[in-house]
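Notes follow once the structure below has been shown.
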């Protein structure tokens, strides 16, 4: 896969900390909420409440900034900003699930800001059409972005100067002169918090320009943290002046109370316009770069991958910028985006939460490759993730659910695409940590109630003997661990050949939707290789408890085959030998016969396997028949009652049948199960006389060869299998 990291980065001509990170971040943070809603916040919450809201909200973004800084100083953050961080840490699917909605949120944010700018201009100049102003403004800021990121940053310097002028005019202003009513409808603390919190977002503005930075590892931490620090000081100062110069009612009722208080009122309008334009400019700079990175990682559908192209020496995403302009213009033309604005905020917060989780997990795993120069305790990152999640619910619970459904939908779609990344991610470390914890807490399998079928399938060539894997997968129900093994002749088994064959088998399993471990070994004979593998395969107490193999090798060397089965038994591995017709296989999968012998050993294991088959999706509506043979009528009634009571106590759906027949059991089985799709027959325990055991085994298989499909079962584990059934 071609990734966004494939593009060369120019470390000598990129943007610096102030222009590339601090400026876009501080301008996005100090936005329209500060000018138009801060008075309402102070009027509702009071001075102390407002300071608390500012501190809590800023703390969440501060914790997120710490996490961003830690990640940025560990890896080379290239184009794509937050998407790049998440995809390289959690994989391409999760990165895409966050990145695609994040791009759409950034792109539609352009429209949100330009619509806000246009409406404020139309209020001052009523003869102007707000929609026309919005469309023209969107095109103009896009032209600025197309020229280059450097030009856009220079323009933002002028915007920042305008915002600074407005704040100075406000701080040196006077008491409010507007009259206001004596009362107003108050709302709760968290409702006020929800209104204010978007004012502290925007910390990703600098991160989104990561591909244009000269030194992202240095600039992102310094610029982002500096922007948060400066904005916190500004936000803590404003309530002091607002509460001193206006009453609560005035603050609540007048959205432009800052203009009324300011020394030069029109400076506030300059600030409002500057805030909206700078935020729109930051979004039109950031969104195409996210899109470019996503396209280069082959996440988008093939017809849209041209959006990953770059232009000029700076690899500017001009194609992506035109595409983003089209989305923004469409949104501006439609006008009101209030309905989807909360969902867009949720996407930003979801991104913050995931970045915090990435930082926490990386620190917890202590991977040798994770060596950030800016270190943060995992608890702070986890607290940031919890804070972001809580704020999402506080701001708008329905929007949180909607955004979550969208992210999940994108993730499932990408998962179905079978994308493969060329970089490692933190998920491998998570699984390794969980496996390590599980292995050290796992104990020997002595309790029947916790028994699961862990199959080791001696598959040979999986394409020719797929029915073995299919049956093992059917029985395990994705609850046991399935392993597929192939044994190669030692004379022809090089490491390359074994690795290539293992990769081929994994691909074959993936194509058929089977989750299984793959092992390819070499040995002088298949029998020796199988015995060696069963003896050595596994880790700690986690070993295959059941070996499943075909009967094809019985005629090649009956003695060695019998010795192999005996070695499985002595190693406490249950054995299931499958004999199936190559064309018919398991037929219609409608009837399963289990020939009962006793409650101990083979009988209970066979009924357990039969029950697992009958409860699978691939054997739906199967009829499970438990059959028993008695030689005379005297014992038939008692045997029937006992067997029926046993099956009833197991809570399984099975038919019970006791046959009175004096013929040899194999003759009765051979005559009765001719219509069964799969028949379970118990195997005798191996004896020291391997020749006698081999002869008995060969005779058993030969005398039932006319049956459609047979599973010969030998219970070897020291477990009371009957307790599994009760």
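So the values come out like this:
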read-out	value
Selection within region 229-249 - surrounded by 23 or more Cβ atoms within 10 Å (Cβ to Cβ) and within 42 Å of the chain's Cα centre (by Cα)	231, 235, 239
Of residues in region 85-128 being in contact with a helix residue (DSSP H, G or I) (Cβ under 6 Å, 6 or more places away or on another chain) and not in a helix (DSSP H, G or I), the one farthest from residue 357 (Cα to Cα)	128
Failed criterion for residue 673 (all others in (1) surrounded by fewer than 21 Cβ atoms within 10 Å (Cβ to Cβ); (2) assigned to a helix (DSSP H, G or I) hold)	(1)
Residue 253 assigned by TED's automatic domain parsing to the domain that holds residue 140 and without any contact (Cβ under 8 Å) to a residue 40 or more places away in the chain	no
Residue tally, condition over 22 Å from residue 116 (Cβ atoms), at pLDDT 80 or above and touching a helix residue (DSSP H, G or I) at 6+ places or on another chain (Cβ under 8 Å), over region 129-153	1
All positions within region 571-587 that are more than 20 Å from residue 516 (Cβ to Cβ) and part of a loop (DSSP other than H, G, I, E, B)	571, 572, 582, 583, 584, 587
Meets criteria (in the same structural domain as residue 146 (by TED's automatic domain parsing), more than 29 Å from the chain's Cα centre (by Cα), more than 22 Å from residue 110 (Cα to Cα) and assigned to a helix (DSSP H, G or I)) for residue 267	yes
Failed item, numbered, when residue 408 is tested on (1) modelled with pLDDT of 70 or more; (2) assigned by TED's automatic domain parsing to the domain that holds residue 64; (3) surrounded by 13 or more Cβ atoms within 10 Å (Cβ to Cβ)	(3)
Number of positions in region 533-570 that are touching a helix residue (DSSP H, G or I) at 6+ places or on another chain (Cβ under 9 Å) and part of a helix (DSSP H, G or I)	13
Residues located in region 473-524, provided they are farther than 19 Å from residue 453 by Cβ, part of a helix (DSSP H, G or I) and touching a residue at least 40 places away in the same chain (Cβ under 8 Å)	505, 508, 510
Any hit, region 590-602, residues being assigned to a loop (DSSP other than H, G, I, E, B) and either in contact with a strand residue (DSSP E or B) (Cβ under 6 Å, 6 or more places away or on another chain) or outside the structural domain of residue 674 (by TED's automatic domain parsing) (or both)	yes
Given (1) surrounded by 23 or more Cβ atoms within 10 Å (Cβ to Cβ); (2) within 15 Å of residue 244 (Cα to Cα), number of the condition residue 46 does not satisfy	(1)
Among (1) under 22 Å from residue 574 (Cα atoms); (2) touching a residue at least 60 places away in the same chain (Cβ under 8 Å); (3) part of a helix (DSSP H, G or I), the one test that residue 646 misses	(1)
Matching entry among 351, 345, 321 (being at pLDDT below 85, part of a helix (DSSP H, G or I), more than 21 Å from residue 91 (Cβ to Cβ) and touching a helix residue (DSSP H, G or I) at 6+ places or on another chain (Cβ under 8 Å))	345
Checking residue 8 against (1) surrounded by fewer than 24 Cβ atoms within 10 Å (Cβ to Cβ); (2) in contact with a helix residue (DSSP H, G or I) (Cβ under 7 Å, 6 or more places away or on another chain); (3) at pLDDT below 85, the condition it does not meet	(2)
Given (1) within 27 Å of residue 402 (Cβ to Cβ); (2) without any contact (Cβ under 8 Å) to a residue 24 or more places away in the chain, number of the condition residue 126 does not satisfy	(1)
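The rows are residues; the columns are (1) at pLDDT 85 or above; (2) in contact with a strand residue (DSSP E or B) (Cβ under 9 Å, 6 or more places away or on another chain); (3) closer than 30 Å to residue 478 by Cβ.
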position	(1), (2), (3)
633	no, yes, no
643	no, yes, no
678	yes, yes, yes
694	yes, no, no
716	yes, yes, yes
720	no, no, yes
723	no, no, yes
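The values are calculated or read from the model by the stated rules, or taken from the named source; none is laboratory data. As the structure is a computational prediction, the values presented were derived from the model and not from experiment. All Cβ positions, glycine included, derive from the backbone under ideal geometry; neighbour counts span all protein chains shown.
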